[in-house]
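Step one of this worksheet: look at the structure below.
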Amino acid sequence: MARTKIEKNIYYDDQKKLYYVNMDYGKDGTGKRHQVQKTYHTKKEAQLALAKFKATRESAVIPCRETLAEYCGYWLNTEKRELGATTRYGYRNIIENHIVPHMGKLALKDVSRARINEYLAAVSKELSPNTVRKHYDLLNSVFLTAVQEEKVGKNPLTTIKPPKKGEVEYKVYNADQLINLFELVKGDRLEIAVGLAARLGLRRGEICGLRWEHIDMTAQTLYVCETRTQAGNSHITKEPKSAGSVRTLKIPAELLVLLGKIKKAQEEDKQFCEGEYQDNGYVFAWPDGRPYRPNYLSDMFTDFLRKKGLPRIRFHDLRHSFASLAVEHADVYDVSRALGHSNTRITEDIYIHDNKKCKTAAVEAVSKALSA
């Protein structure tokens with residue numbers, strides 16, 4: 001015998017001996033109606049369940065059939081559509097290379113606290129603490145949006161303690177090591193990039209985005225106002241990361257001479273390449289005018305250190321080396337402005353907190369003043 005209607009939204013199947021309750025959540029924002037059927041062994045259980053559902057229907061969450069992978073894609077393309085290309089690329093990498101393979105097939109509503117903890121434990125085995133924290137923050141943002149859109153009833157990350165960030169470790173060259181590096185890099189295509197990073201504290205993207213129009217050789221100044229970054233195979237030219245990063249710097253004499261040589265060499269390259277020269281105006285460029293890929297600059301620097309048998313540091317550590325030397329001999333406000341930090345607190349937290357020489361100098365200065 002077919003399923004029989006007992007009363008509105010309750011049906012009985014005499015073969016399976018079960019009562020079916022039709023729970024109607026109404027229509028969602030797209031106009032699609034959402035209904036769910038649940039089974040019960042007795043009529044009383046079915047009636048109580050239906051009554052409870054009706055009482056809470058207005059606050060009930062429409063069951064979401066989307067998978068985590070599908071919703072992450074939606075979240076990235078709609079909620080985060082205004083993000084910069086580099087940040088979006090990083091998010092997409094996390095989603096496609098980690099979240100989707102681990103638990104992308106799960107229905108959004110089935111992603112539990114336990115599954116999130118399993119995921120974080122798994123990625124912790126292969127990624128740094130800071131990167132794992134980025135995964136946590138991304139998932140938290142995804143589920144916050146899902147709760148707001150009533151796709152799920154609660155955020156499974158609410159009761160999960162955020163992973164601790166690891167301390168950022170960096171190595172620096174002291175003055176003698178930098179002087180040795182300057183000597184060894186003379187005549188190499190890396191020379192100007194090393195000089196800009198170690199003598200002025202420029203970031204990699206700022207070096208790759210530096211154009212001749214930003215340099216005033218007569219006034220001996222350099223204007224930092226553009227940066228080039230990578231997002232996969234794409235290259236993005238944009239303004240620096242913050243208003244404080246836009247700055248004018250005095251060019252030291254050694255660097256001014258080097259820039260003059262680079263400028264002259266590029267003029268010769270233009271004549272040699274004739275119409276094939278890509279005159280984009282970049283200071284750090286190939287002989288045909290093409291700008292270097294930011295990631296390739298780092299690779300070249302690592303390879304150079306290996307060939308010369310020098311202590312291994314990252315290219316970005318040349319900026320740290322500049323800053324570490326600067327805070328020993330200059331006011332922290334001036335150092336912060338030169339580095340393009342948004343405030344001096346950043347400079348202090350990174351470079352002064354562990355700088356024993358600075359601490360000693362400060363104490364000695366006060367002691368001298370008080371004993372005068």
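Just so it is clear, none of the values below were taken in a lab; they were calculated from the coordinates. Note that the structure is a prediction, hence the values are computed from the model and not measured. All Cβ positions, even for glycine, are placed from backbone atoms using ideal geometry, and neighbour counts span all protein chains on display.
Quick look at the numbers
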| item | result |
| --- | --- |
| Two-site label geometry, K164 and C225: point separation in nm, points 7 Å out along Cα→Cβ | 4.5 |
| Computed lengthening from S124 to D137, 0.36 nm per intervening residue step minus Cα-Cα distance | 3.3 nm |
| FRET E, pair K43, T78, Förster distance 56 Å, beta-carbon r, rounded to 0.05 | 0.80 |
| Label-to-label distance, nm, for residues given as R115 and L18 (7 Å Cα→Cβ offset) | 2.2 |
| Net charge of Cβ neighbours under 12 Å - reference T302; Lys, Arg +1; Asp, Glu -1 | +2 |
| At R0 = 45 Å, FRET efficiency that the Cβ-Cβ distance of V147 and D188 yields, to 0.05 | 0.25 |
| Theoretical gain in end-to-end length, Y89 to A265 [0.36 nm per residue, Cα-Cα removed] | 59.8 nm |
| Those GluC sites (Glu not before Pro) in the range 79-133 that DSSP places in a loop and that have at most 16 other beta carbons within 10 Å | E82, E126 |
| The range 171-254: trypsin sites (Lys or Arg not before Pro) in DSSP loop, at most 12 other beta carbons within 10 Å | K171, K186 |
| DSSP-loop GluC sites (Glu not before Pro) across the range 144-219, with at most 11 other Cβ within 10 angstrom | E167, E169 |
